[in-house]
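The block underneath contains the structure these notes are about, expressed in structure tokens.
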Amino acid sequence: MRIKRALVLSGGGAKGAFTVGALKYLMVELGMRFDLVVGTSTGSLIAPLVAIQDIANLIHFYENVEQQDILIDRPDLFAFLFSDALNDSTPLERLIQRFFGEDERYRRLLQSKTEVFITVVNMQTGEVEYGNPHQDPKPVFLKKILASASVPVMMPPVKIGGSQYIDGGVKEIAPLSKAIDEGATHIVSIVLSPEVNHRPPVQKEFKSSMEILKRTLELLTDEIVDNDLKVAALYTEAIRYINGIKKRGKERLGLNSSQIKTLFQGDQNPFRGKRTVHLTTIRPEEPLIASSLEFRPDQMREMVDKGYFRAKEVLREKEPYGLF
Amino acid sequence: MSLKKRKVCFWVLLPSFLVLLACEHPPERGPEPLEGFFEKVTALVTATLRSHLRGDLSKQRLLEERIPSFEKLTHLNQLTTEMKGIESLKDLAYLIEKDVFFELQKPEHNKERDRFNSPEIQRPLILSITSGMKRALDQLRERKDAN
């Protein structure tokens with residue numbers, strides 16, 4: 001069976017700096033390469049640069065970008081009454097053009113052996129869709145990167161064709177299912193919130209509607225990512241269980257391979273043709289920052305360093321077998 | 001100016017202001033992508049050193065003291081040999097080598113790869129590494145000052 005290594009990058013705005021630190025360890029220090037990268041939201045800004053191994057630019061981008069380089073505040077009342085979001089994302093659109101649109105860098109992305117998928121949500125259909133540099137024309141792919149990072153209400157939806165697109169994290173923050181569907185056998189997933197039992201309660205009262213909105217988004221984000229991980233784990237457990245039944249059927253009941261195949265064939269078997277997946281998750285041990293939309297270079301640098309050491313720790317726990 | 005005239009002025013100026021606001025073209029902001037081999041090495045080395053020196057003041061001071069002599073070297077091998085000779089900087093020397101060779105193996109840097117041992121690559125390489133060292137120390141100092 002051919003090994004297919006996938007990297008799944010979750011959403012989390014400024015916390016993406018943690019991902020960058022983890023990638024510095026995995027790719028520069030350990031020399032890991034991936035056949036497939038799937039990214040959502042901030043992960044979709046990272047994925048194309050992973051494909052061309054441009055870790056230096058990832059570090060440079062996440063350590064130097066500031067709030068006003070990404071968004072322009074619209075006066076709250078004006079935005080609520082007359083526009084589709086509280087902020088204008090034109091600066092981010094220009095950054096995307098600058099970092100990914102340049103011809104030479106885009107050519108390298110098309111030639112890369114690492115396949116890239118980024119997730120967006122179509123507001124009209126409510127479905128998750130994917131952006132891919134080989135399937136989408138360049139202007140569409142760049143728009144999908146912007147859409148994938150466009151947190152609804154905070155940033156305007158992006159129009160592509162007749163539809164409006166928003167952050168893929170609305171439905172899938174850690175897009176593991178796409179990696180599994182693409183045939184990944186080994187997945188490294190970088191998630192930007194700690195496990196449930198490592199999330200301390202917030203010791204403050206949320207007074208303004210904006211604070212309540214931001215906190216609600218954080219809670220929804222945590223819930224979605226927990227579910228994404230649970231589904232992937234459940235999927236692997238289910239396949240292992242079915243494989244166990246097949247094995248016992250052979251050993252204890254004396255069934256031959258074709259009899260076992262008959263038992264599990266048909267459209268009713270949702271796991272037909274699927275394989276188990278080795279999943280390694282790298283996530284912080286404690287919450288990184290209070291708001292995903294707070295881009296402060298000193299904080300971002302600290303998160304890069306945290307990501308680096310957390311990846312090192314997780315990989316050390318995996319020894320002597322390693323990830324792949 | 002009478003109150004009536006002021007009101008007229010206000011209602012004439014308000015739409016113009018809103019139109020101007022709508023047409024506002026934000027200036028180019030944010031980081032420019034790094035293009036060259038040397039500046040990419042600086043970025044990688046900065047992150048490597050900052051993460052490993054964070055909270056270790058004695059190592060920070062030691063590195064700071066050694067930078068002027070490192071800057072005078074002419075080849076990467078000299079730099080890493082010298083660093084490996086200092087017990088507390090040994091690990092950093094291996095990591096710096098990894099940063100350099102990670103960047104060097106990429107197809108876009110074939111020019112640097114082909115002439116890697118020449119002075120026109122080695123001298124700027126030494127300077128790009130030492131600027132990464134200085135930048136890492138500056139970033140750690142900035143953080144400490146902020147606290």
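Of all residues in region B:19-42, exactly one satisfies the criterion of being at the interface with another protein chain (Cβ under 9 Å from one of its Cβ atoms), in a helix (DSSP H, G or I) and at pLDDT below 95, namely B:LEU21. Determine the pairs where a residue that is more than 9 Å from chain B (Cβ to nearest Cβ) and more than 14 Å from A:ASP54 (Cβ to Cβ), located within region A:21-33, has a partner that is outside any helix (DSSP H, G or I) and of a type outside the set (Val, Ile, Thr) with Cβ atoms under 8 Å apart, the partner being 6 or more residues away or on another chain. Final answer for the pair search is A:LEU26/A:MET32; A:MET32/A:ARG5; A:MET32/A:LEU323; A:MET32/A:PHE324. Among the candidates A:VAL116, A:VAL121, A:VAL153, the residue that is under 23 Å from A:LEU219 (Cα atoms) and within 19 Å of the chain's Cα centre (by Cα) is uniquely A:VAL121. With the checklist (1) more than 11 Å from chain A (Cβ to nearest Cβ); (2) loosely packed, with under 14 Cβ neighbours inside 10 Å; (3) of a type in the set (D, E, K, R) in hand, flag the one item B:GLU142 doesn't pass. B:GLU142 satisfies every listed condition except (1). Please find, within region A:171-200, the residue that is nearest to the chain's Cα centre (by Cα) out of those that are in a loop (DSSP other than H, G, I, E, B) and either more than 15 Å from A:THR281 (Cα to Cα) or polar (S, T, N, Q) (or both). So the residue we want is A:GLU172.
When A:ALA47 is tested against (1) under 14 Å from A:LEU7 (Cα atoms); (2) at the interface with another protein chain (Cβ under 8 Å from one of its Cβ atoms); (3) not hydroxyl-bearing (Ser, Thr, Tyr), only condition (2) is not met. In this entry, A:GLY131 is excluded by the filter for residues that are within 16 Å of A:PRO152 (Cβ to Cβ), more than 10 Å from chain B (Cβ to nearest Cβ) and of a type outside the set (Ser, Thr, Tyr). Looking at the structure I just gave you, is B:GLU87 free of Cβ contacts under 8 Å to residues at least 40 places away in the same chain and within 12 Å of another protein chain (Cβ to nearest Cβ)? Considered against the rule, which asks whether it is free of Cβ contacts under 8 Å to residues at least 40 places away in the same chain and within 12 Å of another protein chain (Cβ to nearest Cβ), B:GLU87 comes out as no.
Regarding region A:252-266, can at least one residue be identified that is part of a helix (DSSP H, G or I) and buried (at least 16 other Cβ atoms within 10 Å of the Cβ)? Taking every residue of region A:252-266 in turn, at least one turns out to be part of a helix (DSSP H, G or I) and buried (at least 16 other Cβ atoms within 10 Å of the Cβ). Being among the hydroxyl-bearing types (Ser, Thr, Tyr) and within 14 Å of chain B (Cβ to nearest Cβ) is the requirement here; does A:THR90 meet it? Yes; evaluated as a whole, the condition is true for this residue. The set of residues from region A:17-50 being over 14 Å from the mean Cα position of the chain (by Cα) and either of a type in the set (Val, Ile, Thr) or farther than 22 Å from A:ILE70 by Cα (or both) comprises A:LYS24, A:TYR25, A:LEU26, A:MET27, A:VAL28, A:GLU29, A:LEU30, A:GLY31, A:MET32, A:ARG33, A:PHE34, A:ASP35.
If you go through region A:237-293 and keep only what is of a type in the set (D, E, K, R) and farther than 23 Å from A:GLU195 by Cβ, you end up with A:LYS246, A:LYS247, A:ARG248, A:LYS250, A:GLU251, A:ARG252, A:LYS261, A:ASP267, A:ARG272, A:LYS274, A:ARG275.
When A:GLN53 is tested against the conditions (1) at the interface with chain B (Cβ under 9 Å from one of its Cβ atoms); (2) part of a helix (DSSP H, G or I); (3) in contact with a helix residue (DSSP H, G or I) (Cβ under 7 Å, 6 or more places away or on another chain), the lone failure is (2). Scanning region B:94-124 for residues that are within 14 Å of another protein chain (Cβ to nearest Cβ) and closer than 17 Å to B:ASN77 by Cα yields B:TYR94, B:LEU95, B:ILE96, B:GLU97, B:LYS98, B:ASP99, B:VAL100, B:PHE101, B:PHE102, B:GLU103, B:LEU104, B:GLU112.
The values are calculated or read from the model by the stated rules, or taken from the named source; none is laboratory data. Bear in mind that the values here come from a model prediction, so they are computed numbers and not experimental data. Cβ: placed from backbone, ideal geometry, glycine included. Neighbour counts: every protein chain shown.
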